C-alpha cells in the first residue's frame, strides 16, 4: 500500500472515531479509540514500538531491578545507548533508577507494568 492511501485510510478511521492518533516526537502513533488510554499509557505503548526501548523494556519485564551494565551486555549494545535510553524512560516516568555505588539499578515502575499487562490482556501486540 502506498503512503498516500495509508494516510487517507488513517484519516477516515480517525474522523469516524475508530482510532485516536498522538504525536511521539516526529512520529504519529495510532491506537484504537474507546480503550480509555491516558497520555501515560500512550507513552508506554509508544516505547514498546521503538526498537531500542522495546528491547530494554522487554528485558526489564523479565529481569526487574537490574543494572544498566547488565542490560547493555545482555542486549549486545553499548552502555552509552542504554544510558541515554534509560534517562529518557526515567524522564517519562516509565522506569525508576537507584544509584548503588558505581552502578545504577533500573526497574520498570509499577504503573508501567500495570499498563503493559493491561494492554497485553487486550490482545494488542506491543511489538
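The values are calculated or read from the model by the stated rules, or taken from the named source; none is laboratory data. Keep in mind it's a predicted model, so treat the numbers as computed, not measured. A quick note on method: Cβ atoms are made from the backbone with ideal geometry, for glycine too, and the neighbour counts reach across all protein chains shown.
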From the options 21, 80, 28, residue that is over 25 Å from residue 117 (Cα atoms) and either out of contact with any helix residue (DSSP H, G or I) (no Cβ under 8 Å at 6 or more places or on another chain) or surrounded by 11 or more Cβ atoms within 10 Å (Cβ to Cβ) (or both):
80
Among (1) closer than 17 Å to residue 77 by Cβ; (2) touching a strand residue (DSSP E or B) at 6+ places or on another chain (Cβ under 7 Å), which single condition is residue 54 missing?
(2)
Take the residues in the range 67-76 that are touching a helix residue (DSSP H, G or I) at 6+ places or on another chain (Cβ under 7 Å) and touching a residue at least 24 places away in the same chain (Cβ under 8 Å), then tell me which one is surrounded by the most Cβ atoms within 10 Å (Cβ to Cβ).
71
With respect to residue 115, is the statement that it is under 13 Å from residue 47 (Cβ atoms), surrounded by 16 or more Cβ atoms within 10 Å (Cβ to Cβ), within 13 Å of the chain's Cα centre (by Cα) and modelled with pLDDT of 90 or more true?
no
Taking only pairs six or more apart or across chains, which ones have beta-carbon atoms under 8 Å, a first residue in the range 29-44 that is modelled with pLDDT under 80, and a second residue that is in a helix (DSSP H, G or I) and surrounded by 15 or more Cβ atoms within 10 Å (Cβ to Cβ)?
29/42; 29/45; 29/46; 31/42; 31/45; 37/45
Only one of 16, 5, 20 is outside the structural domain of residue 117 (by TED's automatic domain parsing) and within 20 Å of residue 121 (Cβ to Cβ). Can you tell me which?
20
Mind telling me which of the residues 67, 103, 33 ends up being in contact with a strand residue (DSSP E or B) (Cβ under 7 Å, 6 or more places away or on another chain) and under 24 Å from residue 6 (Cα atoms)?
33
From the list 70, 41, 53, which one is over 19 Å from residue 106 (Cα atoms) and in a helix (DSSP H, G or I)?
41
Flagged in the range 83-102 as in a loop (DSSP other than H, G, I, E, B) and surrounded by 13 or more Cβ atoms within 10 Å (Cβ to Cβ), in numbering order, are 92, 93, 94
